[in-house]
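Written out below as structure tokens is the structure these notes cover.
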Amino acid sequence: MESLQREIILIEKVCEIYHKISKLDSLKPSEDVDSLFTELVRTCIPPSSINIATLPADVQEIRSKLIRLCGEAEGHLEAHFSAILGSFPNPLQHLNEFPYYSNYLKLSRLEFDILPEHYSASGQAPKHLAFVGSGPMPLSSIVLASYHLKDTIFHNYDIDSMANSMASHLVSSDPDLSQRMVFHTANIMGVTDELKEYDVIFLAALVGMDIDEKVKVIDHLAKYMAPGALLMLRSAHGARVFLYPVVDAQQLQGFEVLSVFHPNDDVINSVVISRKIAEPVTIDDGYNHHHEWRIDSIMPLSCKYCEFKTFNDPLGQMKMIDN
């Protein structure tokens, strides 16, 4: 009963904040915008057992609208600070000006530590990585490239040419990242054969702001990604579902879900890591017997996708669900 009461109070608070946000003239950074979204995040961060499937229809609708408002506000915030950082001779030396920089440091470290468990036991890093929905301030790519994956080529995809221009400018003065960060202006739904070139693809939380849109993107990636390549998605758990879309395992058709991580600290996004399932192939055994095998079933066990490395949680503040 006490838990139910807490959920009711939480939902009422979220709805109250939503109505205030929806009345704002603009979602660009300002005192009112910053105050309301800070209040919203603080309301949603504490652990909660809330189940979005059981929410009333009107609350479901508010949640859907709120996620879009959060996405719009986040875009304005990143563009605002990308412009500020871009005014410095060496923008990457001033990343801590961005108010959520520490969160990106934690999230990127979490994702980097998860990656070797499922990518390679030989210590080799991915050669080519794609980040879909990189935006005007691609902090995830920058942090991963700067501190963790120092030999990896990063391909950043965004549908907005202005966002890519701003993002490219941030790394242009860095002799290393300017050579390892590539920016593509494209709708990922129109990118096909190029997707086979990437060992790992990251899908930003706000690519596909409702589940139908996100499933279309996931299905497209499943069609064109290389067999055995990894897909890392950002999702949400608990009351954080009012901030970001949720990705469930059953929505990842064409992928084997490997692990789901739910941080308990101020890192808002959950992380879902999955592997592209190989397509069945027909094998003729010479006796007119045709058998269907999965490509991964006939790959040598020394294949990098078949090796695993022990994962040690450096944060000590997350929940993990392994399939």
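The values are calculated or read from the model by the stated rules, or taken from the named source; none is laboratory data. These figures come from a predicted structure and were not determined experimentally. Backbone-built Cβ (ideal geometry, glycine too); neighbour counts: all protein chains shown. These accessible areas exclude ligands, DNA and RNA; they are computed on the full protein's heavy atoms, side chains included. Shrake-Rupley method; radii C 1.70, N 1.55, O 1.52, S 1.80 Å.
For region 134-199 and region 1-78, write down the distance between their C-alpha centroids in whole Å.
Measuring centre to centre over Cα atoms gives 30 Å.
Could you list the square roots of 5 times each eigenvalue of the Cα gyration tensor of region 88-141, that is, the equivalent ellipsoid semi-axes, sorted largest first and rounded to whole Å?
Semi-axes from the Cα gyration tensor: 25, 13, 11 Å.
Note down, for region 230-275, the three equivalent ellipsoid semi-axes (square root of 5 times each alpha carbon gyration tensor eigenvalue), biggest first, whole angstrom.
Whole-Å semi-axes of the equivalent ellipsoid: 19, 11, 7.
All other residues with a Cβ under 14 Å from the Cβ of Cys15 taken together, and with Lys, Arg as +1 and Asp, Glu as -1, what is their net charge? It would help to have the intermediate numbers written out before the result.
Details: positive: Lys13, Lys20, Lys23, Arg63, Lys65; negative: Glu7, Glu12, Glu16, Glu39, Asp58, Glu61.
Computed value for this residue: -1.
List, largest first, the extents of the alpha carbons of region 1-78 along their principal axes, each in whole Å.
Ordered largest first, region 1-78 gives principal extents of 40, 22, 19 Å.
What percentages, rounded to whole numbers, describe P(r) for region 75-167 computed over all alpha carbon pairs with 5 Å bin width beginning at zero?
Going from the shortest bin to the longest, the percentages are 3, 13, 22, 24, 19, 10, 6, 2, 0.
Let me check something: with ligands and nucleic acids excluded, how do Leu85, Leu77 order by accessible area (1.4 Å probe), largest to smallest?
Working: Leu85 0, Leu77 30 Å².
Reading off the accessible areas and sorting them downward yields Leu77, Leu85.
Please compute the net charge surrounding Ile45, taking Lys and Arg as +1 and Asp and Glu as -1 over other residues with Cβ under 10 Å from its Cβ.
Computed value for this residue: 0.
If I take R0 = 56 Å and measure r between the Cβ atoms of Asn264 and Lys127 in this structure, what FRET efficiency does the formula 1/(1 + (r/R0)^6) give, to the nearest 0.05?
E between Asn264 and Lys127, to the nearest 0.05, is 0.95.
Using +1 on the beta carbon of Lys and Arg, -1 on that of Asp and Glu, and nothing else charged, what's the dipole of region 113-268 about the Cα centre, debye to 20?
With Lys and Arg at +1 and Asp and Glu at -1, about 80 debye.
Counting only other residues whose beta carbon sits under 10 Å from that of Pro136, what net charge do I get with K and R as +1, D and E as -1?
Neighbour charge sum, excluding Pro136 itself: -3.
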